Ligand SMILES: C[S@@+](CC[C@H](N)C(=O)[O-])C[C@H]1O[C@@H](n2cnc3c(N)ncnc32)[C@H](O)[C@@H]1O
């Protein structure tokens, strides 16, 4: 985080309460002043950025094997532009030319434009005019699902249909997971499901027996965060657990990536492995559905250690 940032705890607390309450005015934006945007950008958005880091690492191999070169991306509901920034870091050297920003708050679009342009002065950055979409664009959605009216959802679906790729990151709650699964179901016939799923079939979590499980993963903040006085204070004052960044996400592509071995032959571990005396339990997802796998400490200790090391992208044979 930037050194000159001075946290306004009262403002941050009220933002946190707003997000927790999920009460959003259909007419008035909570981005009421530049200060609100600045405070959000250096705190909550920073944490969202750590989730994006984990998501982009998750399918890095698939990306590097493919010839995908997104020329333009549209960050829809951009807030302070953190998602576009993270994708720009990833795609800038691969030929990304343009970032297009949309939010119902014009102040938030202006703020995002400034932030992105500061970091990438050579990139073309502009506000979306709600009409024309760039050719072969990547649609980016981050932490917007619980704020959308049904009209906004409809509009977003229209844009999804026009996009070449969709990168979508949300909090890892049962509710967000359910909505992303619904979206996946409605789109999987004309998109390839790139991540997090190990298959293209219907989601195994839709089975009635799985009603208490949901699709989520735990991203880790950078190590230095745990030694940083500001983040310690942030965690204490706002009651936010720094270690835990539960994340649900979905990456879709219209480009046939299948020839680059998209379908992962393994089972993906959902959530977090649970450890008991002598064994661990992992809930896994594969094309055969959702199942619980028991790993005995005495013959799987290496696998258990590996899963613990990278719990966001944990796979089992
Ligand atoms: C929690 S913020 C997330 C911002 C940013 N995407 C991020 O990940 O930090 C949700 C954003 O969605 C925007 N938003 C809500 N409803 C919208 C709509 N109907 N059309 C466009 N943007 C919308 C809000 O103004 C806000 O900037």
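The values are calculated or read from the model by the stated rules, or taken from the named source; none is laboratory data. As the structure is a prediction and not an experimental result, all values here were calculated from the model. In this analysis, Cβ positions are derived from the backbone assuming ideal geometry, glycine residues included, and neighbour counts consider all displayed protein chains.
Restricting to region 158-184, give me the number of residues that are within 15 Å of the ligand (Cβ to nearest atom) and free of Cβ contacts under 8 Å to residues at least 12 places away in the same chain. Lay out the reasoning, then the answer.
Filtering region 158-184 for residues within 15 Å of the ligand (Cβ to nearest atom) gives 158-160, 166-173, 175-176, 179-180.
Imposing the further condition that a residue be free of Cβ contacts under 8 Å to residues at least 12 places away in the same chain reduces the set to 158.
Within region 158-184, residues that are within 15 Å of the ligand (Cβ to nearest atom) and free of Cβ contacts under 8 Å to residues at least 12 places away in the same chain number 1.
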Find the residue count for region 196-209, including only residues that are in contact with a helix residue (DSSP H, G or I) (Cβ under 7 Å, 6 or more places away or on another chain) and either crowded, with 18+ Cβ neighbours inside 10 Å or in the same structural domain as residue 308 (by TED's automatic domain parsing) (or both).
-> 4
Filter pass, residue 193 being in the same structural domain as residue 84 (by TED's automatic domain parsing), under 15 Å from residue 251 (Cα atoms) and within 12 Å of the ligand (Cβ to nearest atom) | no
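List the helices (runs of 4 or more DSSP H) that sit entirely inside region 6-95 and contain at least 3 residues that are near the ligand (Cβ under 10 Å from one of its atoms) and out of contact with any helix residue (DSSP H, G or I) (no Cβ under 7 Å at 6 or more places or on another chain). Talk me through it step by step, then tell me what you get.
Working: elements: 9-21, 34-41, 44-58, 60-65, 82-91.
Once the helices (runs of 4 or more DSSP H) in region 6-95 are filtered for at least 3 residues that are near the ligand (Cβ under 10 Å from one of its atoms) and out of contact with any helix residue (DSSP H, G or I) (no Cβ under 7 Å at 6 or more places or on another chain), what remains is 44-58.
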Could you tell me whether region 140-152 includes any residue that is without any contact (Cβ under 8 Å) to a residue 60 or more places away in the chain, within 16 Å of the ligand (Cβ to nearest atom) and touching a strand residue (DSSP E or B) at 6+ places or on another chain (Cβ under 7 Å)?
-> yes
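Taking region 271-288 on its own, how many of its residues are farther than 18 Å from residue 220 by Cα and crowded, with 17+ Cβ neighbours inside 10 Å? Explain how you work it out, then say what you get.
Taking region 271-288 and keeping what is farther than 18 Å from residue 220 by Cα, we get 275-288.
Then keep just the ones that are crowded, with 17+ Cβ neighbours inside 10 Å; that gives 280, 282-286.
Residues meeting the conditions: 6.
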Return the only residue of 168, 231 being over 17 Å from residue 290 (Cα atoms) and under 15 Å from the mean Cα position of the chain (by Cα).
-> 168
Subset of region 102-127 [more than 10 Å from the ligand (Cβ to nearest atom) and in contact with a strand residue (DSSP E or B) (Cβ under 7 Å, 6 or more places away or on another chain)] | 113, 116, 117, 123, 124, 125, 126, 127
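Condition (residue is within 21 Å of residue 176 (Cα to Cα) and free of Cβ contacts under 8 Å to residues at least 60 places away in the same chain) applied to region 5-17: is it met by at least one residue? Before you say what the answer is, go through the steps one by one.
So the first thing to find is which residues in region 5-17 are within 21 Å of residue 176 (Cα to Cα), and the list is 15-17.
Those left that are additionally free of Cβ contacts under 8 Å to residues at least 60 places away in the same chain: 15, 17.
The answer is yes, given that some residue of region 5-17 is within 21 Å of residue 176 (Cα to Cα) and free of Cβ contacts under 8 Å to residues at least 60 places away in the same chain.
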